[in-house]
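Okay, so here's the structure we're looking at.
Bear in mind these aren't lab numbers, they're just calculated from the coordinates by the rules spelled out. Just so you know, these numbers come straight off a predicted model, no measurement behind them. Cβ: placed from backbone, ideal geometry, glycine included. Neighbour counts: every protein chain shown.
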């Protein structure tokens with residue numbers, strides 16, 4: 001495990017997970033950049049309009065169409081620069097015809113807990129229909145070396161089948177009260193889990209050991225809380 005400042009990062013056997021603010025993350029691995037709900041705020045290296053070099057081999061996953069997860073203008077610019085965008089129907093409607101059809105993939109599981117899978121740029125992406133707003137997806141990303149799950153704003157983790165999410169290398173999750181997130185993490189036992197959807201004040205509280213103990217009677221594992229622009233590097237299970 002290394003931080004972003006470590007210049008020995010090897011994209012062939014490691015994944016760099018960078019926080020983009022709010023619930024946004026960038027996962028860099030191999031030649032592919034995978035972005036979850038990006039562009040909420042300006043982060044160095046993820047400039048708006050989207051960095052063309054970064055977007056050339058990018059997969060953007062939108063969990064839902066709320067304003068703090070879908071920046072319509074920035075996503076359109078990213079698609080124009082080469083990114084492929086995956087999203088549920090309400091987000092697709094907001095993007096409209098301003099994203100070329102070949103750069104837009106609907107991920108629309110037909111019922112709560114259902115899932116649908118596609119392959120983009122050599123990455124398997126499975127969308128799980130979860131609870132929040134009109135239509136919300138949580139995403140499992142599998143690169144061959146890594147299994148990464150972003151729960152988005154899912155309000156009830158019990159709608160997910162834990163058996164489909166075993167062996168996670170990274171889990172991104174918001175500790176919503178009442179979502180049964182503690183039990184969910186304990187069932188999945190990911191190698192790493194990342195806090196998300198946190199304000200600067202909440203990040204300050206977490207650094208002083210206050211945030212999670214105020215929410216739950218036990219903290220599962222040791223979470224990673226990244227401020228926007230900060231990164232954490234994980235190594236593949238089978239890397240020599």
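So how much slack lies between residue 238 and residue 119, counting 0.36 nm per residue of separation and subtracting their Cα-Cα distance, in nm? Show your work: numbers first, answer last.
On the way: separation 119, 0.36 × 119 = 42.84 nm, distance 2.21 nm.
Full extension from residue 238 to residue 119 adds 40.6 nm.
Taking the chain as a Gaussian network of alpha-carbon nodes connected by springs under 10 Å, the highest mean-square fluctuation of the residues 84, 27, 120 belongs to 120.
Averaged over every viewing direction, what's the projected area of the C-alpha convex hull for the chain? Give it in nm², one decimal, please.
Details: hull surface 48.3 nm².
Over every viewing direction, the Cα hull of the chain projects on average to 12.1 nm².
Among 168, 95, 188, the largest mean-square fluctuation in a Gaussian network model of the chain (Cα springs under 10 Å) belongs to 188. Considering helices alone, the calculated mean residue ellipticity of the chain at 222 nm is -4000 deg cm²/dmol, with DSSP H runs of length four and up weighted by -39500 (n - 2.57) and normalised per residue. Note on the chain: with a GNM built from Cα contacts shorter than 10 Å, the maximum mean-square fluctuation among 29, 69, 208 falls on 208. The distance linking the range 25-73 with the range 100-126 is 17 Å (Cα centroid to Cα centroid, whole angstrom).
Considering the convex hull of the alpha carbon atoms of the range 1-144, report its projected area averaged over all viewing directions, in nm², one decimal.
Average projection, Cα convex hull of the range 1-144: 8.4 nm².
Per-residue extension of 0.36 nm, minus the Cα-Cα distance of residue 9 and residue 31, leaves a gain of 6.6 nm for this segment.
Could you put 155, 47 in order, starting from the residue whose Cβ has the fewest other Cβ atoms within 10 Å? Let's see the in-between values first.
Numbers: 155 19, 47 13.
Ranked by crowding around the Cβ, least crowded first: 47, 155.
Full extension of the chain between residue 230 and residue 48 yields a length gain of 63.7 nm, computed as 0.36 nm times the residue separation minus the alpha carbon distance.
Rank these for me by crowding, 161, 153, 42, going from fewest to most other beta carbons within 10 Å. Walk me through the intermediate numbers first.
Working: 161 10, 153 22, 42 13.
Sorted ascending by nearby Cβ count, the order is 161, 42, 153.
Site pair residue 73 and residue 134 shows an inter-label distance of 2.2 nm when each label is modelled 7 Å from Cα along Cα→Cβ.
How would you rank 56, 187, going from fewest to most other Cβ atoms within 10 Å of each one's own Cβ?
Arranged by neighbour count, lowest to highest, 56, 187 become 56, 187.
Using the Cβ-Cβ distance between residue 206 and residue 110 with R0 = 35 Å, the FRET efficiency computed as 1/(1 + (r/R0)^6) comes to roughly 0.40.
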